[in-house]
Amino acid sequence: MEFPPDLIVFLRKVERVSALTGAGVSQESGLRTFRDTQSGLWAQYRPEDLATPDAFARDPKLVWDWYAFRREAVKAVRPNLGHYSLTEMEKKFPEFTLITQNVDGLHQLAGTKNVLELHGNILRVRCAVCGRFTETWGSDLDSVPRCDECDGLLRPDVVWFGETLPRLELESAVTASRRAQVFFSIGTSGVVHPAAALALAARENGSVVIEINAEPTPLTPKADFVFHGKSGEILPALVKAVFDISIQV
Ligand code: OAD
């Protein structure tokens, strides 16, 4: 993989870097993306049936089971070279913020510390009524487990369509994007707001925008540098070129 030499020189001296990641970053770990035409989750399921407050109100069991199925998929996989490359970037850049739309926790499992989870985390469960978090719940397969405290239905701690993002995470993400001298958009189709607007906020503030994605996205024409391919291959190559570090699992 070849990178423009000027970019490599620039990245060696840059101080403030932010990266926004999406489902594409976890694809090489074995998790499905949402919008890939053949294999994406939204090619097989309808988001309005499974990922909205209305869907949960209408058929909580269907929604609970779908997230339980995805939770098991998440538990079965490991971070890939892309995740580990981002951990190395966090160590090397003086200021580095990882903003993710992913709910799989793989960035943290790979050792990245400063992670802003914009869409929550599928491994956490909370009461839909009182908000209390719980680590354990019943395994009665016929019904949705309930809160020990108030008997409300339990739900995954993820953001559904129509819900607001966690305020602190979003505020920190906007600040980090505006401060960034370099903003990476990696493995995201860039169509879900407000996450999609972060790259533009960075750009408006003079950030160099670098996109790494399997295919073109709406951000592509606005990015300063675009690298098409797998993030699990491009990111390790970039870390090698900039810092002369070989990423290994
Ligand atoms: P998408 O599925 O919309 O986009 C994933 C992107 O990653 C696509 O542009 C793919 O081409 C690209 N891609 C696939 N494999 C890749 C690889 N190995 N390396 C690099 N790129 C790859 O997923 P997100 O953008 O994360 O929200 O979706 C955003 C949000 O929409 C999700 O957080 C979720 C979803 O509906 C909610 O559930 C609220």
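The values are calculated or read from the model by the stated rules, or taken from the named source; none is laboratory data. These figures come from a predicted structure and were not determined experimentally. Methodologically, a virtual Cβ is constructed for each residue, glycine included, from the backbone with ideal geometry; neighbour enumeration extends over all protein chains shown. SASA here: full protein model, heavy atoms, side chains in, ligands and nucleic acids out. Shrake-Rupley method; radii C 1.70, N 1.55, O 1.52, S 1.80 Å.
Here are some notes:
- Rounded tilt (10° steps) of 231-243 against the dominant C-alpha axis of the chain: 40 degrees
- Angle in degrees between helix 167-179 and the longest Cα principal axis of the chain, rounded to the nearest 10: 10 degrees
- Cα-Cα over 32 Å, subset of Lys75/Lys230; Lys75/Lys222; Lys91/Lys230; Lys113/Lys240; Lys61/Lys113; Lys61/Lys230: Lys75/Lys222; Lys61/Lys113; Lys61/Lys230
- Order of exposure, largest accessible area first, which applies to Val192, Val25 with probe 1.4 Å: Val192, Val25
- Hydrodynamic analysis of the stretch 16-130 uses the Kirkwood radius over alpha carbon pairs. Inserted into Stokes-Einstein at 4 °C and 1.567 mPa s, it gives a translational diffusion coefficient of 85 µm²/s.
- The convex hull around the C-alpha trace of the chain, projected and averaged over every direction, spans 13.3 square nanometres.
- Helical mean residue ellipticity (222 nm; -39500 (n - 2.57) per DSSP H run of 4+; nearest 500) of the chain: -10500 deg cm²/dmol
- For the pair Cys150 and Lys113, label points projected 7 Å from Cα toward Cβ lie 3.6 nm apart.
- For the stretch 151-249, the convex hull spanned by the alpha carbon atoms encloses 150 Å³ per residue.
- Euclidean distance between Cα centres, the stretch 170-193 to the stretch 135-169, Å: 27 Å
- Surface composition of the chain: carbon and sulfur make up 51 percent of the accessible area, probe 1.4 Å.
- Short to long, the 5 Å bins of the Cα pair-distance histogram for the stretch 128-182 hold 4, 16, 18, 16, 14, 10, 8, 7, 5, 2, 0 percent of all pairs.
- Cut-off under 5 Å, modelled amide H: who pairs with Val209 long-range: Phe183, Asp224, Phe225
- Pairwise FRET efficiency - Val9 versus Ile245, Cβ, R0 = 22 Å, nearest 0.05: 0.85
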